[in-house]
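Here is the structure we will look at, set down as structure tokens.
Values quoted throughout were computed directly from the atomic coordinates according to the rules given, and no laboratory measurement underlies them. Since we're looking at a predicted model, the values are computed, not measured. All Cβ positions, even for glycine, are placed from backbone atoms using ideal geometry, and neighbour counts span all protein chains on display.
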Amino acid sequence: MSLVVMKFGGTSVEDPAAIERTAAIVAGRVAAGKTPVVVVSAMAKVTDQLLRAGAAAAAGDKTGALAISSRLRSRHRDTACALVKDAGVIAELQKWIDQKFDSLDEVLRGLAAILELTPRISDLIVSNGERISCRIIAAAFRERGIDAEAIDARKIILTDSQFQKAVPIDNTIEQRAEEKLRPLVNAGKVPVMGGFIGSNEAGITTTLGRGGSDFTAAIIGGALNAAAIEIWTDVDGIMTADPRVCPDALRVKVISFEEAAELAYFGAKVLHPATILPAVKKNIPVLVLNSRNPTNDGTRIISLAPHCKSPFKSIAVKKKLSIIDLVASRMLMTHGYLKEIFTVFDKHQCPVDMVSTSEVSVSLTVDSNDKLPAIAADLGKLADVKYEGKKALICMVGEDIRGQNGMAAQVFNAVRHINVRMISQGASEINMSFMIEEEDADEAVRSLHAAFFQNPDPAIFDAEARKLAVSS
Ligand code: ADP
Ligand code: ASP
Ligand code: MG
């Protein structure tokens, strides 16, 4: 029995046609003798809209918030109606959908009265996206002959109480997955659960952070020792750059866990940064596949990727960053100074991406966030502080970059028309990163792509696809 966790992202379940495609993909796996556990996202854009409804309500715009909720109610009711023909089943499903939106409207009215939105209530609001999509999709699967059962993910994914970025508690999840999912799978059923959501010890709803459905899939794959974890999305796999920015991007056929983790962390949205870890721990291959093009081989992420003749595998971009410059003559020859600086970031729970030091100055980069003024005020006690937003980090990932002579010269030659603010290569052998203005980021990616992916190694990249595109 080959258990496979199949995760379908927002675009793969965005409307009835997409859910039909998803059902056909899952049915295909069942027919091939696999036993799938399905993890689904909210329908495309639903999470954004739920967040917008919450924000509008908390700003006192009750009418606006309820209008968003009403549009979402219709979208989910209509989708269910288009997919489920059995009169009894659809009546019950629509009643259930209405109950969820009635409760949501109650919460929104409450927020409009108290004018405050806490992370805990935000998680309750957004969780509706996955809770509802999961029920609709399970019902649609059943009508198409898949013996699906909707599971409330919050009963399995136990997390701590850091709302909006909760951390899963692996041991308990493993136990619960064995108790609640394994018997279904053994009985030939296909569990369908929402990604992204969980609950804490007290049963209060939490979420794993934006894009967290990938993480749920990997956690469940790890918990059940799956043979593979499949991430179904709207592109052919991990590409050499974001295809929305660089239309020439090529599919990467195979990549190592380490390289994929680096890409995800540095902004390749195709995978949530935490996805790889549970798979690494148990050496479970992760596949990134296209639900619009299911016969394509996608990208295989494995522990040791084969040797690649091209220096880089992919280029990632992380936007919305700020750079913080500290200047202090005191730093000269003192030890413990960096520790004091990092204590400030620790106090504000603000992760730092990149650090560069000279004798009297330190530059750091962080995600732009509303804590920056308070952080700068605290750092001001240690040094002169300046900070600037709208920066982007370009991250080139490939095996053993450090071992290749002249690589940095080639990279910076490719972007010689762009002002580079900060450079880092030391930390990892597989990553070369530099910081530029956000407005230059797309141009930098295209220039680097043109410079480094002209003659891609056919063992690693799908160069055939480019040839076909040129000849058609
Ligand atoms: P899903 O809803 O399926 O989780 P996401 O929108 O989160 O999908 O991720 C898929 C998107 O990631 C693609 O549409 C693409 O624009 C973007 N992306 C960014 N970098 C890359 C990359 N290197 N390879 C593939 N896709 C990428
Ligand atoms: N629906 C959530 C989001 O949009 C989680 C996910 O899709 O992975 O962030
Ligand atoms: Mg995603």
- Query: What is the set of long-range amide H partners of Thr159 at a cut-off below 5 Å, with H atoms built 1.01 Å from backbone N?
  - Reply: Ile169, Ser199, Asn200, Glu201
- Scan the chain and hand back the longest stretch that contains none of the trypsin sites (Lys or Arg not before Pro) lying in DSSP loops with at most 12 other Cβ atoms within 10 Å. 86-243
- Here region 252-267 yields Karplus 3J(HN,Hα) values (6.51, -1.76, 1.60; θ = phi - 60°; whole Hz; Gly and Pro given as x) of 8, 6, 8, 8, 7, 3, 4, 5, 5, 5, 4, 4, 4, 4, 8, x
- Message: What do you get for the angle between helix 337-347 and the principal long axis of the chain? Use alpha-carbon atoms, 0 to 90 degrees, nearest ten.
- Response: 20 degrees
- Taking a threshold of 32 Å on the Cα-Cα distance, which of the pairs Lys313/Lys391; Lys62/Lys85; Lys45/Lys253; Lys34/Lys155 fall above it? Lys62/Lys85
- Going residue by residue through region 399-414, the Karplus relation 6.51 cos²θ - 1.76 cosθ + 1.60 with θ = phi - 60° gives ³J(HN,Hα) values, rounded to whole Hz and with x marking Gly or Pro, of 6, 6, 5, 4, x, 9, 5, x, 5, 4, 4, 5, 4, 6, 5, 5
- Scan the chain and report its longest stretch carrying no GluC sites (Glu not before Pro) that are both in a DSSP loop and have at most 15 other Cβ atoms within 10 Å. 202-358
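Looking at this model, which pairs from Lys347/Lys390; Lys180/Lys269; Lys7/Lys269; Lys7/Lys282 are more than 22 angstrom apart at the alpha-carbon?
Too far apart for the 22 Å limit: Lys347/Lys390; Lys180/Lys269.
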- Message: Along the charge dipole of the chain, pointing to its positive end and built from +1/-1 on Cβ of Lys, Arg, Asp and Glu, which listed residue (Ile315, Gly221, Val270) has its Cα farthest out?
- Response: Gly221
- Message: For the chain, take the longest principal axis of its alpha carbons; what is the angle in degrees between that and the long axis of helix 87-114, to the nearest 10 within 0 to 90?
- Response: 50 degrees
- Taking region 189-322 and dividing mean pair separation by its residue count, relative contact order in percent (alpha carbons under 8 Å, at least six apart): 28 percent
- With charges set only on the Cβ (+1 for Lys and Arg, -1 for Asp and Glu), what does the dipole of the chain come to about its Cα centre, in debye to the nearest 20? 620 debye
- Task: In square nanometres and to one decimal, what's the mean projected area of the convex hull around the Cα atoms of the chain?
- Result: 24.7 nm²
- Query: Relative to the first principal axis of the alpha-carbon coordinates of the chain, what is the inclination of helix 119-143, with its axis defined by its Cα atoms, in degrees from 0 to 90 and to the nearest 10?
  - Reply: 50 degrees
- Rounded to whole Hz, the Karplus (6.51, -1.76, 1.60) HN-Hα couplings of region 40-56, x for glycine and proline: 10, 8, 5, 4, 3, 6, 5, 4, 4, 5, 5, 5, 5, 4, x, 5, 4
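Over all pairs of distinct alpha carbons, what does the Kirkwood formula give as the hydrodynamic radius of region 200-352, in Å?
17.8 Å
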